[in-house]
1. Against the definition (within 25 Å of Trp282 (Cβ to Cβ) and not β-branched (Val, Ile, Thr)), how does Gly67 come out, yes or no?
2. So which of Asp13, Asp24 is out of contact with any His (no Cβ under 8 Å at 6 or more places or on another chain) and in a helix (DSSP H, G or I)?
3. Which of the following residues is closer than 20 Å to Ala271 by Cα and not in a loop (DSSP other than H, G, I, E, B): Val123, Val44, Val76?
4. Considering Ala95, Ala155, Ala138, which residue is among the small types (Gly, Ala, Ser), in contact with a Leu (Cβ under 9 Å, 6 or more places away or on another chain) and surrounded by 24 or more Cβ atoms within 10 Å (Cβ to Cβ)?
5. Mind listing whichever residues of segment 269-304 are without any contact (Cβ under 8 Å) to a residue 40 or more places away in the chain and of a type in the set (Lys, Arg)?
6. Taking segment 41-87 on its own, how many of its residues are among the charged types (D, E, K, R), touching a Phe, Trp or Tyr at 6+ places or on another chain (Cβ under 8 Å) and open to solvent by 20 Å² or more (accessible area, probe 1.4 Å)?
7. All but one of (1) open to solvent by less than 20 Å² (accessible area, probe 1.4 Å); (2) in contact (Cβ under 8 Å) with a residue 40 or more places away in the chain hold for Cys179, so report the exception by its number.
Amino acid sequence: MHAITVDEPGGVDVMSWAEVPIPDPGPGEVLVRTQAAGVNRGDVLQRQGHYPPPAGITDIMGMEALGVIEKLGDGVEGHQVGEQVLALVSGGAYAEFFVVPAGQLLKLPAGIDPLAAAGLVEVAATVVSNFDRVHLSAGETVLVHGGAGGIGTLAIQYAKALGAHVIVTAGSAKKLAYCRKLGADEGFDYHDDWEPQVMMATQDRGVDVILDIVGAKYLEANVRCLADDGRLVIIGMQKGTKGTLNIAVLLNKRGTVTATSLRFRSLASKAAICRRVEEAIWPLLSSGAIKPGNQTQVPMAHASKAHELLESGDNTGKIILVV
């Protein structure tokens, strides 16, 4: 089979469409023939050498995919060869075939284009697991950083479906308009000083929940923007891994700072999150309450172009590699 390989960490020029062996599914796993794979920031970080896969996982990039089951490993029940499925994987989706634990397969949401759904698996799993973690509920206000990206576009819509008030940051007027179209109530350009604008929008109360993809650069401002009993959940490190935390500010707000990674969870945890996505997100997609959002399709053999686009910051929505 062919797959996107990386000889050494670096820029997009280190990516090649090369021939590699087809993996064989072990007990409890299935082999899937890839039709499409989502492109995520974690893939870029892995290519750069900053986000290696978990132990025992292939070094081929790709954490979500659409495909057709080619072969069942020992002990797999409830699935059959020829079945079209979505998959949450720890790696390997940038290839013509990949292996995935059966518990991390998802059924397709009814009435949704399978290619559109291919780019929703990882973002849906990230959003639902983190909003569950911080107990986002109706009537609360949530701040979503990077609202025009793949995670942001789904987070806006799911938060609105939960009955929350949504504030976003994004990098341009065009992206902010896109976020508002998806349901965001307010939006601010992150190139400006967004912190006082968030506080003004909340009448100095602050926000109940922050979903942050940025990391260290925003840590202090995020904590200052929390309301009493507010919760900050960090899911990315785009702007650094080490920040300063004023514990007195956090203490006075009775605030919570937590951070999560989807990729390194246990198989049981990932399987449970996949079931949660099917339960909480897929019905909202099928009903139209959540829409897939913008999507850019790129041939998988030209995955370097997809990475260039993601890193440029010009894209809205999700980038999909199509085999």
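The values are calculated or read from the model by the stated rules, or taken from the named source; none is laboratory data. What you are looking at is a predicted structure, and each value in this text was computed from that prediction instead of being measured. Positions of Cβ are generated from backbone atoms using ideal geometry, with glycine treated the same way; all protein chains shown enter the neighbour counts. Calculation scope for accessible area: heavy atoms of the full protein, side chains included, ligands and nucleic acids excluded. Shrake-Rupley method; radii C 1.70, N 1.55, O 1.52, S 1.80 Å.
1. On the way: within 25 Å of Trp282 (Cβ to Cβ): yes; not β-branched (Val, Ile, Thr): yes.
Yes: the conditions hold for Gly67.
2. Values: Asp24 fails: in a helix (DSSP H, G or I).
Sole residue among the options that is out of contact with any His (no Cβ under 8 Å at 6 or more places or on another chain) and in a helix (DSSP H, G or I): Asp13.
3. Numbers: Val44 fails: closer than 20 Å to Ala271 by Cα; Val76 fails: not in a loop (DSSP other than H, G, I, E, B).
Val123 is the lone residue from the list that is closer than 20 Å to Ala271 by Cα and not in a loop (DSSP other than H, G, I, E, B).
4. Numbers: Ala95 fails: in contact with a Leu (Cβ under 9 Å, 6 or more places away or on another chain); Ala138 fails: surrounded by 24 or more Cβ atoms within 10 Å (Cβ to Cβ).
Of the residues listed, the single one that is among the small types (Gly, Ala, Ser), in contact with a Leu (Cβ under 9 Å, 6 or more places away or on another chain) and surrounded by 24 or more Cβ atoms within 10 Å (Cβ to Cβ) is Ala155.
5. Within segment 269-304, just Arg275 meets the criteria.
6. Here is the first cut: in segment 41-87, the ones among the charged types (D, E, K, R) are 41, 43, 47, 59, 64, 70-71, 74, 77, 83.
Next cut, touching a Phe, Trp or Tyr at 6+ places or on another chain (Cβ under 8 Å) only: 43, 70.
From what is left, the residues that are open to solvent by 20 Å² or more (accessible area, probe 1.4 Å) are 70.
Number satisfying all stated conditions: 1.
7. (2)
Yes or no, residue by residue, for (1) on the phi > 0 side of the Ramachandran plot; (2) of a type in the set (Val, Ile, Thr); (3) more than 22 Å from the chain's Cα centre (by Cα); (4) at pLDDT below 95:
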{"position": "Leu143", "(1), (2), (3), (4)": "no, no, no, no"}
{"position": "Ala148", "(1), (2), (3), (4)": "no, no, no, yes"}
{"position": "Leu162", "(1), (2), (3), (4)": "no, no, no, no"}
{"position": "Gly183", "(1), (2), (3), (4)": "yes, no, no, no"}
{"position": "Met200", "(1), (2), (3), (4)": "no, no, yes, no"}
{"position": "Asp212", "(1), (2), (3), (4)": "no, no, no, no"}
